[in-house]
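One structure below.
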Amino acid sequence: MAESRYVDGAASAGEVRIRRATGRDAEAVTEVFLASRAAAMPWLPRIHSDEDTRAWITHVVLPTSTAVWVAEEAGGEVLGFAVLAGGDELDQLYLRPDSLRRGIGSRLLAEVRGAVDGPIGLYVFRRNAAARAFYERHGFTAVAFDDGGRNEENEPDVFYRWTPTAHRPTGPRVR
């Protein structure tokens with residue numbers, strides 16, 4: 001998919017660019033992941049050290065995922081990332097805490113949608129109300145609830161699905 005660009009209307013923000021991640025992004029992606037989870041989910045137990053998380057992103061996430069995108073400001077500072085796994089699962093979407101409410105998450109989600117020809121599924125922790133609201137605003141529907149036995153944090157989660165045909169206009173357009 002081609003690189004996309006967006007210029008934020010806020011005077012203090014510069015250009016934000018979405019591009020495919022490379023191995024050189026491992027450190028920045030790890031920092032976003034750790035900062036976002038700490039800010040958004042302080043109740044979530046820390047299962048892995050920062051070093052183990054960095055190794056996972058470097059040796060598993062970046063090289064084996066279907067696609068990984070980063071959002072960066074001019075100058076290369078990574079503000080967020082999204083991971084598509086298995087061809088149709090949004091496995092990760094995280095933003096730096098100071099980058100929320102700028103449309104960056106919506107743009108990353110649009111990249112994922114553009115790369116998938118069909119439905120997209122994802123899991124969200126039940127207690128992550130902000131993420132659940134974000135996905136619901138973007139047309140995802142909760143289809144299954146889990147007791148936490150499927151994830152290593154043992155945290156109850158929700159499986160969401162988005163189907164493109166369910167969100168396309170049907171019938172003739174009214175002008």
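Find the relative contact order for the chain and round it to a whole percent, using C-alpha pairs within less than 8 Å whose residues are 6+ positions apart.
Values: 270 pairs, mean separation 31.0, N = 175.
That works out to 18 percent.
On full extension of the chain, what length is gained from residue 24 through residue 137, given 0.36 nm per residue of separation minus the C-alpha to C-alpha distance? Show your work: numbers first, answer last.
Numbers: separation 113, 0.36 × 113 = 40.68 nm, distance 3.26 nm.
So the extension gain works out to 37.4 nm.
Please report the spacing between the Cα centers of segment 66-89 and segment 36-62 in Å, no decimals.
Centre-to-centre distance over Cα atoms comes out at 16 Å.
Considering the chain as a Gaussian network with a 10 Å cut-off on Cα pairs, which listed residue, 83, 143, 61, attains the greatest mean-square fluctuation?
Checking each option, the largest mean-square fluctuation is seen for 143.
Calculate for the chain the 222 nm mean residue ellipticity that helices alone would give, adding -39,500 (n - 2.57) per DSSP H run of length 4 or more and normalising by residue count, nearest 500 deg cm²/dmol.
Numbers: 4 runs with 43 residues, N = 175.
Counting only the DSSP helices, I get -7500 deg cm²/dmol.
Can you work out ³J(HN,Hα) from phi for every residue in segment 136-148, in order, using Karplus 6.51 cos²θ - 1.76 cosθ + 1.60 and θ = phi - 60°, giving whole Hz and x for Gly and Pro?
5, 4, 9, x, 7, 10, 5, 10, 7, 10, 10, 7, x
So how much slack lies between residue 163 and residue 100, counting 0.36 nm per residue of separation and subtracting their Cα-Cα distance, in nm? All intermediate terms of the calculation are to be shown ahead of the outcome.
Numbers: separation 63, 0.36 × 63 = 22.68 nm, distance 2.52 nm.
Contour length minus the Cα-Cα distance gives 20.2 nm.
Rule-based calculations on the coordinates, nothing more; no lab input. Treat the numbers as computed from the prediction; the structure is a model and nothing was measured.
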